[in-house]
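For reference, the structure discussed in these notes is given below.
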Amino acid sequence: MEPSFNISSTLSKAERYEVFTKQFTALIEGEHNVVSVLANAAAALKEAFQFFWVGFYLVNNEEWLSLGPFQGTIACSRIRKGRGVCGMAWQEAHTFLVPDVDQFPGHIACSSKSRSEIVVPLLSPTGCVQGVLDIDSDQLNAFDETDRLHLETICRILSDNLFAS
């Protein structure tokens, strides 16, 4: 049976994330190909939560974040460490929740339709950033602590599956 991430909108946001996390964990179990797992992660998150843009940037030789699998409009191909929300999440190795991207110093506007953003690092078992999950909304203040908590859990699951030795 084909997995579906069309989760009932009658559930609370936290409940939707809990259902998503169980389904997603089962989907990627035993799959360790980075492109396959991240492509399915981006598609599943976009389908389940109707985000404007969902994707991954992966560390490339400690110089750039390079665009990985994503769902949405055309995106920036490379981002330097410390630049924009993604580059800061890489540099600081923690989640950035941005209610209004126009108020974030140095924000990189890959799409003028992006209004708010959350970026969560993908950490190796040693705490080294391997990439970031970047999610944009076309609405202001679209993300909150519920998103942060659950997306960090999803990124831990991804990292454990992909980067554990």
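The values are calculated or read from the model by the stated rules, or taken from the named source; none is laboratory data. This structure is a prediction, so every number in the text was calculated from the model and none was measured. Cβ atoms come from the backbone with ideal geometry, glycine included; neighbour counts cover every protein chain shown. Surface accessibility is based on the protein's heavy atoms, side chains included, excluding ligands, DNA and RNA. Shrake-Rupley method; radii C 1.70, N 1.55, O 1.52, S 1.80 Å.
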ask   = Taking the alpha-carbon centroid of each part, what is the distance from segment 49-97 to segment 108-158 in angstrom?
value = 9
Distance between modelled label sites at residue 102 and residue 141, nm, 7 Å Cα→Cβ extension = 1.5
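Sequence gap of 8 or more, or different chains, plus Cα separation below 17 Å: how many lysine pairs satisfy both in the chain? Walk me through the intermediate numbers first.
Numbers: 13/22; 13/46; 22/46; 46/113.
Taking the chain as the scope, the lysine pair count is 4.
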request  = Could you work out the mean projected area of the convex hull around the alpha carbons of segment 74-147, in square nanometres to one decimal?
outcome  = 4.9
note = Expressed in nanometres to one decimal, the distance between label points 7 Å along Cα→Cβ at residue 113 and residue 15 is 3.0
ask   = Which net charge results for the neighbourhood of residue 101, defined as the other residues with beta-carbon distances under 9 angstrom from its beta-carbon, given Lys and Arg at +1 and Asp and Glu at -1?
value = -3
note = Dividing the mean separation of Cα pairs under 8 Å (6+ apart) by the residue count of the chain yields a relative contact order in percent of 21
request  = Take the alpha carbon gyration tensor of the chain, find the square roots of its eigenvalues, order them as a ≥ b ≥ c, and report rounded if a/c is under 1.5; if not, report prolate when a/b exceeds b/c, else oblate.
outcome  = oblate
query = When the Debye formula is applied to the Cα atoms of segment 1-89, each taken as the same point scatterer, what base-10 log of I(q)/I(0) results at q = 0.16, 0.17 Å⁻¹?
reply = -0.74, -0.81
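How would 8, 112 rank on accessible area, largest to smallest, probe 1.4 Å? Walk me through the intermediate numbers first.
Values: 8 55, 112 110 Å².
Heavy-atom accessible area, descending, gives 112, 8.
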